[in-house]
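The next block holds one structure in the form of C-alpha cells; read it before the comments.
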Amino acid sequence: MMRLLTGADTSSFEFNPEVIRVFGSIVIAEGCESRRSISWVHAWTVSSDGIITQVREYLNTSVTVTRLGNQSEPSDYSSSSSSSSSSSSTAEITSVHCPSVWESSLSDRFGKSVPGLVLAI
C-alpha cells in the first residue's frame, strides 16, 4: 500500500465502501479491494459543520468499535464522612462498561489471519 500512496505504483486502488456507520462525530467506512485481497476500514472524525478533521485508515485489520462510559456514576466523596483512617486511604474503584457497537467483517472474506484493533469512541 505504501508504494501506491507514494506514487511508486501507478495502478489504481478503488475505495468503494460497502458499509458506512455513524457514531456521533465518528464515521466508519468499510470496504475491500478484491484484486489485491485487501480489506480496509476508515474512521473519519467530522466537525459539526461537516469538515473531516481526522482520518484513520486500517488495512487488513479487524476493527471493533466500542463506546466508553461508566456503568455507574462515581460516588460523591464530599458528602461522605471519614470516620476511619482506612476509608480515607482507599480509593473507590468504579467499573467501566465498554459495549461493542460495531465490528468489521470484510477481513474474514479473504481467509487470512489479520491483527485485531479496538477503537474506543
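Listing for the model above:
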{"item": "Amide H partners (placed H, <5 Å) of Arg67, local residues excluded", "result": "Val101, Ile121"}
{"item": "20 Å reach of a label modelled at Thr6, 7 Å along Cα-to-Cβ, counting backbone N of segment 18-58", "result": "57-58"}
{"item": "5 angstrom amide H check on Ile38, placed H, neighbours 5+ away", "result": "Glu33"}
{"item": "Segment 108-121 - phi-based ³J(HN,Hα) in whole Hz, Karplus 6.51/-1.76/1.60, Gly and Pro as x", "result": "6, 4, 8, x, 10, 6, 10, x, x, 9, 10, 9, 8, 10"}
{"item": "J(HN,Hα) series, segment 58-64, from Karplus relation 6.51 cos²θ - 1.76 cosθ + 1.60, nearest Hz, glycine and proline x", "result": "10, 10, 6, 9, 7, 10, 10"}
{"item": "Residue-wise HN-Hα coupling along segment 31-38, computed from phi with Karplus coefficients 6.51, -1.76, 1.60 (Hz; x: Gly, Pro)", "result": "x, 8, 10, 5, 4, 9, 6, 10"}
{"item": "Label point distance in nm, Thr45-Ser105, each placed 7 Å from Cα along Cα→Cβ", "result": "2.9"}
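Read-outs: derived from the displayed coordinates by stated rules, not from any lab. Remember, predicted model here, so these are calculated numbers, not experimental data. Reconstructed Cβ throughout: ideal geometry from the backbone, glycine too, with neighbour counts over all protein chains shown.
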